[in-house]
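Scroll down for the structure; my scribbles are underneath it.
The values are calculated or read from the model by the stated rules, or taken from the named source; none is laboratory data. All of these numbers come straight from a predicted model, not from anything done at the bench. Heads up, the Cβs are rebuilt from the backbone with ideal geometry, glycines too, and the neighbour counts pull from every protein chain shown.
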């Protein structure tokens, strides 16, 4: 029972401090699940992001479900998922009523504008951590020129180009790169 409570509280903490949406939650999930609790290896966290992004629903909810399942099975998934959404439900109910009441105050617009750079920094930090793992030959080694994976860099660059220049959907990019990775495995292994 303690493990379920630990999952709930860990993900409630993530849910409470994930300003800016699911992508902003990724560095918090990484810190809690990889560094603090040791529930996932860094390579598993990168896999978690891939799976959570491919499946329908918010990435933080999908991530909580993934971690909860790995750590404590289906009931662990329920506790982790409830933990991550509980603070949001409470906060949205409170903030929506406050916003509706005070939406015309100039200070509110300035507070919201002030939160944007911090949110962008959180997303950037999570992206940087993911890129470091994605460009390695083996996920557990430190990023260095000896284990740099040029093929992964090519896929990363092409994906970025397709996303930014042609506005391709993330699902399309994930499907395409997964297919290319699978084909290359059979051709070059």
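May I ask you to say which residue of 108, 28 is in a helix (DSSP H, G or I), over 18 Å from residue 122 (Cα atoms) and modelled with pLDDT under 95?
108
Filter region 116-127 for residues that are exposed (fewer than 13 other Cβ atoms within 10 Å of the Cβ) and within 12 Å of the chain's Cα centre (by Cα) and give the result.
Selection gives 124 alone.
Residues that are outside any helix (DSSP H, G or I), in contact with a helix residue (DSSP H, G or I) (Cβ under 6 Å, 6 or more places away or on another chain) and buried (at least 20 other Cβ atoms within 10 Å of the Cβ): does region 9-17 have at least one?
no
Residues 33, 80, 129: which one is part of a helix (DSSP H, G or I), closer than 27 Å to residue 185 by Cβ and touching a residue at least 24 places away in the same chain (Cβ under 8 Å)?
The match here is 129.
What about residue 38, is it over 22 Å from residue 171 (Cα atoms), over 12 Å from the mean Cα position of the chain (by Cα) and not in a helix (DSSP H, G or I)?
Here the answer is yes, as residue 38 does meet what is asked.
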